[in-house]
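**Q** Just passing along the structure, written as structure tokens.
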Amino acid sequence: TDVCDIQTLIKKAEITHELTKCEIVALLTDNQYAAEFFAAADRVRREYVGDEVHLRGLIEFSNICKQNCLYCGLRRDNKKVDRYRLDIDTIIDFAGKATSYGYRTVVLQSGEDEWFDVDTMVTIIKKIKQLGLAITVSVGEKPREVYQAYREAGADRYLLRIETTDKELYEKLDPGMSWDNRVRCLQDIKELGFELGTGCLVGIPGQTIESLADDILFFKKMDADMIGVGPFIPNPDTPLAAEAGGTFDLSTKVMAMTRLLLPDINIPATTAMESLHPQGRVLALQRGANVVMPNVTEGEYRQMYLLYPGKICINDTPAHCRGCITGKIQGIGRQVSGTYGFRQKHA
Ligand code: SAM
Ligand code: SF4
């Protein structure tokens, strides 16, 4: 693809929000016009979702996991993690604090921890719902009936990254798990009326640019409402310790491309991005993102929810994070939203 084609492709993406796989690959591979590409994503973000940034308070309520994903620090074979599980009252207490920081959504995230059975989760969701918060659940793969129970209890959104659309690669990196079942989960979540959040890791060993293009086309096909893209950061206590990991630039390119092709969705500036770059979240907000997920987990638990090394803010308090992120958002002329921040679908 020659120079002029790249600029034409950026315009095409900005105006039509449609590209072929081969066009996506060309843009993800180009470096010369990266600044123009990011600027286009930033304009589309502004036109479709505006300047407001939605803050979602993240509660990491258990780091116990029965799965064994090769990239993740919480995998069951990692004996070096101190495991914890918050009790119900502590979770509700953290959610109450989230409201006091002005957050309108909490994200309940954990490993796949069977202690939190369906009745326990339903109890937690109902109690948090009484606080007037929107709830995002991110606890992995479940049968449809379980998702349905969460939904009926009041959960609004569900986050489950596909991680990669390369089925063979997925099943190699997530031993014992099935890619088809993960897609089944995403379909159930969508059909049950949740806002569907998915996304991918960038830079996992064996992944190609073509496969990242497939990921973005998959997000579009699924009509996802939120997409989280983050660099894979190798964890020394996992089998992928010696791998290279993803770069900040490619991760933000995949994110910016997602904004161009799914213009009205919610896109977080992910924690992993800031872990690779000191201004990672602000840059992401200027390359297509419109959501930040500040941590509201308190005390020693933050250090224990260590997916990868260098995770930011593990020694900060929730109040500090609230002030810090508000300052960063205002520093780039954007505002913190006071709304729930559901997707406003454009026709
Ligand atoms: N257990 C649930 C699940 O897997 O969906 C939710 C928690 S899991 C820790 C959340 C996300 O962390 C995963 O979807 C994965 O993309 C990300 N993650 C895990 N290990 C990572 C790593 N080494 N670098 C970057 N992100 C990672
Ligand atoms: Fe468990 Fe999720 Fe980590 Fe996989 S990514 S090991 S399911 S916490």
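**Q** Quick check on VAL106: is it away from ligand 1 (no atom under 16 Å from the Cβ), closer than 21 Å to GLU141 by Cα and buried (at least 16 other Cβ atoms within 10 Å of the Cβ)?
**A** No; evaluated as a whole, the condition is false for this residue.
**Q** Hey, among the residues in region 216-234 that are charged (D, E, K, R) and part of a loop (DSSP other than H, G, I, E, B), which one's nearest to ARG56 (Cα to Cα)?
**A** ASP225
**Q** Can you name every residue in region 230-254 that is away from ligand 2 (no atom under 16 Å from the Cβ) and among the aliphatic types (A, V, I, L, M)?
**A** Residues satisfying the conditions are ALA242, ALA244, LEU250, VAL254.
**Q** Shifting gears a bit: Give region 301-325 a look and list any residue that's open to solvent by less than 60 Å² (accessible area, probe 1.4 Å), without any contact (Cβ under 8 Å) to a residue 24 or more places away in the chain and of a type in the set (Val, Ile, Thr), or say none.
**A** ILE314
**Q** Quick check on region 122-137: of everything there that is within 16 Å of ligand 1 (Cβ to nearest atom) and part of a strand (DSSP E or B), which residue is farthest from THR208 (Cα to Cα)?
**A** Once the filter is applied, the top-ranked residue is ILE135.
**Q** Considering region 69-120 alone, what residues qualify as being within 16 Å of ligand 2 (Cβ to nearest atom) and either assigned to a helix (DSSP H, G or I) or closer than 30 Å to VAL53 by Cα (or both)?
**A** TYR71, CYS72, GLY73, LEU74, LEU86, VAL107, LEU108, GLN109, SER110, GLY111, GLU112
**Q** With respect to ILE209, determine if the residue is more than 29 Å from VAL106 (Cβ to Cβ), of a type outside the set (Asp, Glu) and touching a residue at least 40 places away in the same chain (Cβ under 8 Å).
**A** yes
**Q** Give the residues of region 88-103 that are touching a helix residue (DSSP H, G or I) at 6+ places or on another chain (Cβ under 7 Å) and open to solvent by less than 20 Å² (accessible area, probe 1.4 Å), sorted by residue number.
**A** Those that are touching a helix residue (DSSP H, G or I) at 6+ places or on another chain (Cβ under 7 Å) and open to solvent by less than 20 Å² (accessible area, probe 1.4 Å): ILE91, ALA95.
**Q** Residues of region 49-87 being open to solvent by 40 Å² or more (accessible area, probe 1.4 Å), within 18 Å of VAL139 (Cα to Cα) and either touching a Leu at 6+ places or on another chain (Cβ under 7 Å) or more than 14 Å from ligand 1 (Cβ to nearest atom) (or both), which ones?
**A** ASP87, the sole residue that qualifies.
Per-residue answers, yes or no, for (1) in contact with a Ser or Thr (Cβ under 8 Å, 6 or more places away or on another chain); (2) surrounded by 24 or more Cβ atoms within 10 Å (Cβ to Cβ):
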| position | (1), (2) |
| --- | --- |
| LEU212 | no, yes |
| ASP223 | no, no |
| GLY228 | yes, yes |
| THR238 | no, no |
| GLY245 | no, no |
| PHE248 | no, no |
| THR252 | no, yes |
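**Q** Look at region 141-169 and say how many of its residues are closer than 23 Å to PRO205 by Cβ, surrounded by fewer than 19 Cβ atoms within 10 Å (Cβ to Cβ) and not hydrophobic (A, V, I, L, M, F, W, C).
**A** 4
**Q** If you don't mind, there's one more thing I want to ask. Regarding ALA39, is this residue without any contact (Cβ under 8 Å) to a residue 40 or more places away in the chain, more than 16 Å from ligand 1 (Cβ to nearest atom), open to solvent by 30 Å² or more (accessible area, probe 1.4 Å) and farther than 27 Å from CYS313 by Cβ?
**A** Judged against the criteria, ALA39 is a match.
**Q** Any residue at all in region 330-345 that's in a helix (DSSP H, G or I) and out of contact with any His (no Cβ under 6 Å at 6 or more places or on another chain)?
**A** yes
**Q** I've got another one for you. On the given criteria, is THR258 of a type outside the set (Gly, Ala, Ser) and either surrounded by fewer than 21 Cβ atoms within 10 Å (Cβ to Cβ) or in contact with a strand residue (DSSP E or B) (Cβ under 7 Å, 6 or more places away or on another chain) (or both)?
**A** yes
**Q** May I pose another question? Could you please give the count of residues in region 138-181 that are free of Cβ contacts under 8 Å to residues at least 40 places away in the same chain, within 14 Å of ligand 2 (Cβ to nearest atom) and part of a loop (DSSP other than H, G, I, E, B)?
**A** Residues flagged as free of Cβ contacts under 8 Å to residues at least 40 places away in the same chain, within 14 Å of ligand 2 (Cβ to nearest atom) and part of a loop (DSSP other than H, G, I, E, B) within region 138-181 amount to 3.
**Q** Across region 267-300, which residue is nearest to ligand 2 (Cβ to nearest atom) among those that are open to solvent by less than 10 Å² (accessible area, probe 1.4 Å) and not hydrophobic (A, V, I, L, M, F, W, C)?
**A** THR297
**Q** Here's something else I'd like to know. Return only the number of the condition from (1) within 13 Å of ligand 1 (Cβ to nearest atom); (2) over 20 Å from the mean Cα position of the chain (by Cα) that VAL146 does not satisfy.
**A** The failed condition is (1).
**Q** Continuing with this model, one more query. From ASP316, ASP237, grab the single residue that is over 18 Å from GLY197 (Cα atoms), part of a loop (DSSP other than H, G, I, E, B) and within 14 Å of ligand 1 (Cβ to nearest atom).
**A** ASP237
The values are calculated or read from the model by the stated rules, or taken from the named source; none is laboratory data. What you see is a predicted model; the values in this text were computed from it and never measured. For neighbour counting, all protein chains shown are included, and Cβ atoms are generated from backbone atoms with ideal geometry for every residue, glycine included. What goes into the accessible areas is simple: the full protein's heavy atoms, side chains included, and nothing from ligands, DNA or RNA. Shrake-Rupley method; radii C 1.70, N 1.55, O 1.52, S 1.80 Å.
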